[in-house]
Amino acid sequence: MSVEWFPLSSVIPYLEKSKIKEIELTQLITVLARGSTIENASKVDLNHLCARVNTFLSSNDTESRWIGTKLVVVVCTHLEILSSEYTANYLGSLIRILGSKCYIKDEASAPVPAIKTLESCCDALEFIIGNIRGKQTLTRQTLTPKLPAIIGSLLENVTLIPDKTISLLYNLLANNSTTFRPFGSKFETALVSIINNQNFQKFDSALQHKILKSLALISFNLTKNSPSELWRTRFDHFVKELKSTIQIYTEFMSLEEDEDLWLQFNALPSIPADFQPTFSPLQVDLNESSVEVLKVVSRIEVLVNLLVEFLAVPTPQVKVPLNYLVMIGQLLVAINPTFTPIRRDIRDPTLRQTIAYSATLLNHIGLRLLDVLPKFFGGDLLPHLTSILSAVDTLVPVHRTDGKISLNEAGIVDKSELIFASFQTRINYLELVEGFSNTSVLNRSIETAIILLKPRLPDSLANGTEQKLKNVSISDLLADQQLFVTEPADYQKQLLRQFFKVLLTKCQLSLPKQTDILRMVILDAVNGAEVKELLYAALLFPNKEAHASVLPMVKQLLSNDDELMSVFLNPRLPLLPQKRAIEIQEPEEEPEVEDLKRPLVEEERSVKKVKIEDPVVEAEEEPEQPEEQEQPDSDHEEMIFKSVGTISIPEPTLNQQVEEVKPEQSPEQPDEPESELESDFEIPEIDVDED
């Protein structure tokens, strides 16, 4: 069967600048991407194709260059062209495009077509390098000689198109560290410059992740000797820089009033007098604007994310200061105006509110740091489990009423985003344990979860004052009150269900707390059908002190064909083992041996018990025979299991002749007077062995 293919010679005439617009570019790319088009083409047509593509790349016209970057990706998908000498020419042309920057004079106002062409050029380079990597001959002959020029051209455009260049430079840094070594200092300087730029926070999170990951890797990957020691040195350096940045908050808040927080802060590495930070110093002027406080928050977030990237990048065997990371996370979570009040000399209400808001942002940063630690360290965090949960528990808003501390429901609802983030942190750490018993650090979180899961009215409607209700139609409130009810979002409900499941399966809760959770689980299950796993957890992990079961309610909520419910409602006992008689055919002489063994065994058994009415006295008058004494079990075994040729039947002794015979009265004999044998008194049997 012949395969239909499109002749390459029919599209080559369109591969010119004057005729390229006469055909749809997508159709042209589709034809060139087909393997049959290249496989059935002549060598002359292939040379024409490769030469035309290189002509587009070598053009000074931005649009022609962009077309060339798209065509080179398509033709390099075919091994016939990738392994040819044209691949080196393509790499050289792409390097020249990056080196020229598409003739951009002012990077601040660069034209969009030029930026798109440079980005497409980086995509083409990444595609070709990825296809060559792993092929030793192509790597040695084509890629390796071009690597220095590729790295240099990418570094020239790192601030212009950071998204594309940094991704490619990171791959080259990780896979070609020897070739990258001369460019390491330049690359690190460029990365620090990007981070110091005020627009860094405007980058999307994926690009920020690439930049910080590259900075972490280049900090130690290019050294020849002791990379693990350099990793630790750079890590401690950024910990000190983070501590110096957090210290700025001592000007805003009284951190020393929280003793635990202050101890953790002082436990971090001390900052030497000649310390040189990597990033530029912050300039914060609160008199100019209260928003200046957020600069400190942004710098702390960058440094925390950088420490996380130090853990994520490939490293040699290193010693990680885990206690530093835990203390930083707890410290950021503990910065709270409730426990570390804002300084009294700051009286501007706007500034005070901004500082309080910035403290909430720091809490989010601390939670994100604590969230990633179980991923890297797992069970090594168990010694810190209680302290971490205690620190997270301080995020729950409380107030004091009549000397008693109770939850502040309005504050919980207002900080619901932070509270939900804290639930995820608790889940990550509780999943590391089994049977967690110190539930005192979880009681507030359980009550908070129940509050957030309940439907609620807005504060303006729930309060009921005329002043707050003056803009609300009473008829609407009375007729359509359900329209004013708000509930948690779906992802928030799912997070709370996961939290309840972890509590039921991993913790030893008190009966009142578990009862509250079960009540919310049942109510939630009535309204939603996606809580099957949570119902399973409530059913499989009952409280030891509970006197009632949730099985009837769970049965009503789950279908009858549910497998787990079927096991509970119709328990199936395992099958009992059964004995089966197995007939074994034995040789003919074996039954004879068994026949010889059986009488001996019966004789030995008959010796053991003798009735008192037998003439024992006469047996004592006979000369003592050694056979009268019972042989040990081992002697019996030796006697019974002797070989057939040596078996000898001994003459029966007196005791062996005595048989247990019950007297039978013949009907022909006359009745005799009642004797001792016929009395109702039964004489017990005497065991001869005990004499």
Tell me which of these Gly134 doesn't satisfy, since it passes every other one: (1) surrounded by 13 or more Cβ atoms within 10 Å (Cβ to Cβ); (2) modelled with pLDDT under 90; (3) not in a helix (DSSP H, G or I). (1)
Candidates Gly435, Gly411 - the one that is touching a strand residue (DSSP E or B) at 6+ places or on another chain (Cβ under 9 Å) and on the phi > 0 side of the Ramachandran plot: Gly435
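Just wondering, is there one or more residues in segment 547-567 that are among the charged types (D, E, K, R), in the same structural domain as Thr439 (by TED's automatic domain parsing), closer than 27 Å to Thr386 by Cα and modelled with pLDDT of 70 or more? Explain how you work it out, then say what you get.
Just the residues of segment 547-567 that are among the charged types (D, E, K, R), to begin with: 555, 561-563.
Imposing the further condition that a residue be in the same structural domain as Thr439 (by TED's automatic domain parsing) reduces the set to 555, 561-563.
From the residues that got through so far, the ones that are closer than 27 Å to Thr386 by Cα too are none.
No, that holds for no residue.
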Restricting attention to segment 385-427, and to residues there that are small (Gly, Ala, Ser) and closer than 17 Å to Ile450 by Cβ, which single residue is surrounded by the fewest Cβ atoms within 10 Å (Cβ to Cβ)? Ser406
Hey, among Asn89, Asn54, which residue is in a helix (DSSP H, G or I) and farther than 22 Å from Gly134 by Cβ? Asn54
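Within segment 305-316, identify whether any single residue is among the polar types (S, T, N, Q), free of Cβ contacts under 8 Å to residues at least 60 places away in the same chain and surrounded by fewer than 21 Cβ atoms within 10 Å (Cβ to Cβ), and answer yes or no. Spell out the reasoning first.
Residues of segment 305-316 that are among the polar types (S, T, N, Q), as a first pass: 305, 315.
Filter again for free of Cβ contacts under 8 Å to residues at least 60 places away in the same chain, leaving none.
No - not one qualifying residue is present in segment 305-316.
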Name the residue that is nearest to the chain's Cα centre (by Cα), counting only residues in segment 133-144 that are under 18 Å from Cys122 (Cα atoms) and not hydroxyl-bearing (Ser, Thr, Tyr). Arg133
Among the residues of segment 354-388, which ones are small (Gly, Ala, Ser) and closer than 22 Å to Ser298 by Cβ? Ala356, Ser358, Ala359, Gly366
From Phe235, Phe279, Phe220, residue being surrounded by 15 or more Cβ atoms within 10 Å (Cβ to Cβ), at negative phi and not in a loop (DSSP other than H, G, I, E, B): Phe235
Filter segment 251-276 down to the residues that are among the hydrophobic types (A, V, I, L, M, F, W, C), free of Cβ contacts under 8 Å to residues at least 60 places away in the same chain and either surrounded by 11 or more Cβ atoms within 10 Å (Cβ to Cβ) or more than 20 Å from His237 (Cα to Cα) (or both) and list them by number. Trp262, Leu263, Ile271, Phe275
Step by step: first the residues of segment 390-422, then only those that are more than 19 Å from Lys493 (Cα to Cα) and among the hydroxyl-bearing types (Ser, Thr, Tyr), then the one that is modelled with the lowest pLDDT. Which residue is that? Thr401
Helices (runs of 4 or more DSSP H) contained entirely in segment 369-437, each with at least 3 residues that are in contact (Cβ under 8 Å) with a residue 24 or more places away in the chain and in the same structural domain as Thr486 (by TED's automatic domain parsing): 409-414, 416-430
Hey, Ser10 more than 17 Å from Ile81 (Cβ to Cβ), modelled with pLDDT under 85 and in the same structural domain as Cys121 (by TED's automatic domain parsing) or not: no
Quickly run through segment 178-193 and pick out the residues that are out of contact with any Leu (no Cβ under 6 Å at 6 or more places or on another chain) and either outside any helix (DSSP H, G or I) or of a type in the set (S, T, N, Q) (or both). Thr178, Ser185, Thr189, Ser193
I'd like to check something: does segment 90-106 contain any residue that is surrounded by 20 or more Cβ atoms within 10 Å (Cβ to Cβ), assigned by TED's automatic domain parsing to the domain that holds Lys43 and farther than 27 Å from Thr189 by Cβ? yes
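Suppose we filter Ser18, Ser93, Ser59 for residues that are among the polar types (S, T, N, Q) and at pLDDT below 90; which single one remains?
Working: Ser93 fails: at pLDDT below 90; Ser59 fails: at pLDDT below 90.
Just a single option satisfies the conditions, and that option is Ser18.
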Sole miss for Val158 among (1) more than 18 Å from Ala88 (Cα to Cα); (2) among the β-branched types (Val, Ile, Thr); (3) assigned to a helix (DSSP H, G or I) is condition (3)
Answer residue from segment 145-173, given it is over 35 Å from the mean Cα position of the chain (by Cα) and among the small types (Gly, Ala, Ser) and is surrounded by the most Cβ atoms within 10 Å (Cβ to Cβ) among those: Ser153
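Within segment 260-276, is even one residue of a type in the set (Asp, Glu) and part of a helix (DSSP H, G or I)?
So in segment 260-276, the residues of a type in the set (Asp, Glu) come out as 260, 274.
Pick out the ones that are also part of a helix (DSSP H, G or I) and you get 260.
Yes, that holds for at least one residue.
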With respect to Ser84, determine if the residue is surrounded by 15 or more Cβ atoms within 10 Å (Cβ to Cβ) and assigned to a loop (DSSP other than H, G, I, E, B). yes
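The values are calculated or read from the model by the stated rules, or taken from the named source; none is laboratory data. Since the structure is predicted, the reported quantities are computational estimates derived from the model, not experimental observations. Heads up, the Cβs are rebuilt from the backbone with ideal geometry, glycines too, and the neighbour counts pull from every protein chain shown.
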